[in-house]
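Below is one structure, written out as structure tokens; comments come after it.
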Amino acid sequence: LAQGKTDQARAAFLKVVSAEPRHPNANLQLTQLSVAARQGAAALKYLDRLPPENQAAPPEAILRAQALKLAGQDKAAEDLLDKVESKAGNDPRVAFSIGVTFAGWQRYADAENAFTRALHADPSNFDILYYLGLAAQHAGHLARALEVYRIALQQRPNDADCLINLASIYSQTGRADEAIVPLMQAHNAAPERPEILLALAQSSQDIGFYGDAATALGQYLKFTPHDDIARRERGFC
């Protein structure tokens, strides 16, 4: 499992539960693997084998909510997650997991609220800041997202994903000229990522810097030489 070999891991855990059907750790691992594979019914089967006290714990309850959603039991899933959230207290790990789950269900405003609670409990946690910014951005709360990304970048000035999202908000709000600098920083931090070059080219085009856009597209085409749309855009620039 640690090596990312999920098929072999599943096979090994299945051998464990065939010998000891209610083995807690093996069933929990199989639950997580089933949720990751979007197999809700299988995840619920393994969860039901856990001791009752384990099933009531917040991490397992969140897994059950995810499994119920995957199994098509939307109302039961959402009711359970709301119940876990109401009892979460000030534990940032629980609030963070709830936020990730809400985001996966595209309930971005609820995810933003959960990440905000997690941040209050752990204000310097970069991952919480990043996911809070992402949830706020998807919820359409762009001013909030912008504020959060700027705080996150004080901790990790060269985080490419954070810089890309910051630039995206500038572009969304008609400030393409301000998007150039974070995109350049993102490219310097992650020169192997062609999508940064494509975004840089688009922002450069938007403000009339056609020479810079052509250069960025030329670099982009080294990664994706068969992108005919990008080739056409470079010709236009």
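The values are calculated or read from the model by the stated rules, or taken from the named source; none is laboratory data. Quick caveat, the model's predicted, so the values are computed rather than measured. Cβ coordinates were reconstructed from backbone atoms using ideal geometry, including for glycine residues, and neighbour counts include every protein chain displayed. With ligands, DNA and RNA removed, areas are computed over all heavy atoms of the protein, side chains included. Shrake-Rupley method; radii C 1.70, N 1.55, O 1.52, S 1.80 Å.
General remarks:
- Count - residues of the stretch 24-49 that are more than 22 Å from residue 72 (Cβ to Cβ) and either touching a residue at least 24 places away in the same chain (Cβ under 8 Å) or among the hydrophobic types (A, V, I, L, M, F, W, C) (or both): 4
- Residue in the stretch 188-196 that is within 18 Å of the chain's Cα centre (by Cα) and surrounded by fewer than 22 Cβ atoms within 10 Å (Cβ to Cβ) present: yes
- Close pairs (8 angstrom Cβ cut-off, 6 or more residues apart or separate chains): over 14 Å from residue 69 (Cβ atoms) and among the acidic types (Asp, Glu) in the stretch 94-118, open to solvent by 50 Å² or more (accessible area, probe 1.4 Å) and part of a helix (DSSP H, G or I) anywhere: 112/144
- When the stretch 152-189 is filtered for residues that are touching an Asp or Glu at 6+ places or on another chain (Cβ under 6 Å) and farther than 17 Å from residue 134 by Cβ, only 176 remains.
- Matching residues in the stretch 40-61 - criterion: being open to solvent by less than 80 Å² (accessible area, probe 1.4 Å) and either over 21 Å from residue 92 (Cα atoms) or among the acidic types (Asp, Glu) (or both): 40, 41, 42, 43, 44, 46, 47, 49, 50, 51, 60
- All conditions but one from (1) in contact (Cβ under 8 Å) with a residue 24 or more places away in the chain; (2) open to solvent by less than 70 Å² (accessible area, probe 1.4 Å); (3) under 21 Å from residue 111 (Cα atoms) apply to residue 138; the one that does not is (2).
- Lone unmet requirement of (1) open to solvent by less than 60 Å² (accessible area, probe 1.4 Å); (2) in contact with a Phe, Trp or Tyr (Cβ under 7 Å, 6 or more places away or on another chain); (3) without any contact (Cβ under 8 Å) to a residue 24 or more places away in the chain; (4) over 30 Å from residue 90 (Cα atoms) for residue 221: (2)
- Filter pass, residue 126 being within 30 Å of residue 64 (Cβ to Cβ), under 14 Å from the mean Cα position of the chain (by Cα) and buried (at least 17 other Cβ atoms within 10 Å of the Cβ): no
- Residues of the stretch 190-210 classified as in contact with an Asp or Glu (Cβ under 7 Å, 6 or more places away or on another chain) and part of a loop (DSSP other than H, G, I, E, B), total: 1
- The requirement of being within 20 Å of the chain's Cα centre (by Cα), open to solvent by 40 Å² or more (accessible area, probe 1.4 Å) and of a type in the set (D, E, K, R) is satisfied by residue 64.
- The condition of being closer than 23 Å to residue 88 by Cα and open to solvent by 20 Å² or more (accessible area, probe 1.4 Å) holds for only one of 150, 117, 144, 156, that being 117.
- Matching residues, the stretch 174-187, being modelled with pLDDT under 95 and open to solvent by 60 Å² or more (accessible area, probe 1.4 Å): 174, 175, 177
- Being open to solvent by 60 Å² or more (accessible area, probe 1.4 Å), modelled with pLDDT of 95 or more and over 19 Å from the mean Cα position of the chain (by Cα) holds for only one residue in 170, 210, and it is 210.
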